[in-house]
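The values are calculated or read from the model by the stated rules, or taken from the named source; none is laboratory data. All of these numbers come straight from a predicted model, not from anything done at the bench. Virtual Cβ from ideal backbone geometry, glycine too; neighbours counted across all protein chains shown. Areas reflect the complete protein model, heavy atoms only, side chains present, ligands, DNA and RNA absent. Shrake-Rupley method; radii C 1.70, N 1.55, O 1.52, S 1.80 Å.
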Amino acid sequence: MADELAAGELSLRALDVSDAPELHLIFSDPATHTIGEGPKSSIADTRQWLRRRDERRREYGVTWYGVRDDDGTLIGNAGLFIGRTGVEPEIGFEIRAVDQGKGYGTRAAAAVVAEAHRAGWTRIWATVRPTNAAPLQALTRAGFVSDRTEDEGRGSLVYLYHRQN
Ligand SMILES: CC(C)(COP(=O)(O)OP(=O)(O)OC[C@H]1O[C@@H](n2cnc3c(N)ncnc32)[C@H](O)[C@@H]1OP(=O)(O)O)[C@@H](O)C(=O)NCCC(=O)NCCS
């Protein structure tokens, strides 16, 4: 996948460990980082997360981007990971709380998916808690369709996919 993507006024740039201080502002914000284990308290954890992204990029080609506004400020992140759906990657995305609801999440997801298809994956997945309305709406607007809901250990998950046209 490319190092940089354009999405209207947003630009997406592959993250590396030097982005840790900026990214940590988002990862440590309880109003934003509501997924997984919740906000990260230690920047060392953010650095480790970034190093893993780098390893996954080398292993599988999946890339995670920092989402920047037209001032170059990091307002979110979006990318692919190899998760619950086997060799077909999943998308993850996050926009900091103060910038949510402006269409940025939809735009960032659409840019990552278009690049993923260009790079050769014909189907991209997303898994979302049924109560997490914002990503369900953003992903649907980016062209994802719902496949199924599965009960896994920690509750239900909606599986959605985006197939290359
Ligand atoms: C998911 C996320 C990236 C979306 O970012 P965003 O920039 O706000 O996305 P958009 O503005 O493009 O779209 C959000 C949509 O959800 C809608 N929405 C937000 N909260 C909602 C709610 N509680 N109920 C219903 N719709 C809601 C918005 O109205 C908007 O839809 P609309 O434009 O049709 O009105 C952002 O909410 C986020 O970072 N959430 C925390 C992390 C997360 O859950 N990531 C997804 C993991 S799968």
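Taking each residue of region 7-23 that is under 11 Å from V67 (Cβ atoms) and looking for partners that are among the charged types (D, E, K, R) and in a strand (DSSP E or B) with beta-carbon atoms closer than 6 Å, six or more apart or interchain, yields S11/R68; R13/E4.
Of everything listed in (1) loosely packed, with under 15 Cβ neighbours inside 10 Å; (2) among the small types (G, A, S); (3) touching a residue at least 60 places away in the same chain (Cβ under 8 Å), the single unmet condition for A116 is (1). Just one of the listed residues (S28, S11, S41) is hydroxyl-bearing (S, T, Y), out of contact with any Ser or Thr (no Cβ under 6 Å at 6 or more places or on another chain) and more than 16 Å from the ligand (Cβ to nearest atom), namely S41. Every listed requirement among (1) away from the ligand (no atom under 13 Å from the Cβ); (2) assigned to a helix (DSSP H, G or I) is met by V112 save one, (1).
What residue, among those in region 24-44 that are over 25 Å from A133 (Cβ atoms) and in contact (Cβ under 8 Å) with a residue 12 or more places away in the chain, is most open to solvent (accessible area, probe 1.4 Å)? Among those that are over 25 Å from A133 (Cβ atoms) and in contact (Cβ under 8 Å) with a residue 12 or more places away in the chain, it is S41. Taking region 119-136 as the range and being small (G, A, S), open to solvent by 40 Å² or more (accessible area, probe 1.4 Å) and not in a helix (DSSP H, G or I) as the test, only G120 passes. Within the option set G101, G83, being over 19 Å from H24 (Cα atoms), part of a loop (DSSP other than H, G, I, E, B), within 14 Å of the ligand (Cβ to nearest atom) and at pLDDT below 95 holds for one residue only, G83. The set of residues in region 61-94 being touching a helix residue (DSSP H, G or I) at 6+ places or on another chain (Cβ under 7 Å), open to solvent by 20 Å² or more (accessible area, probe 1.4 Å) and either under 21 Å from P39 (Cβ atoms) or in contact (Cβ under 8 Å) with a residue 60 or more places away in the chain (or both) consists of G61, W64, F81, F93.
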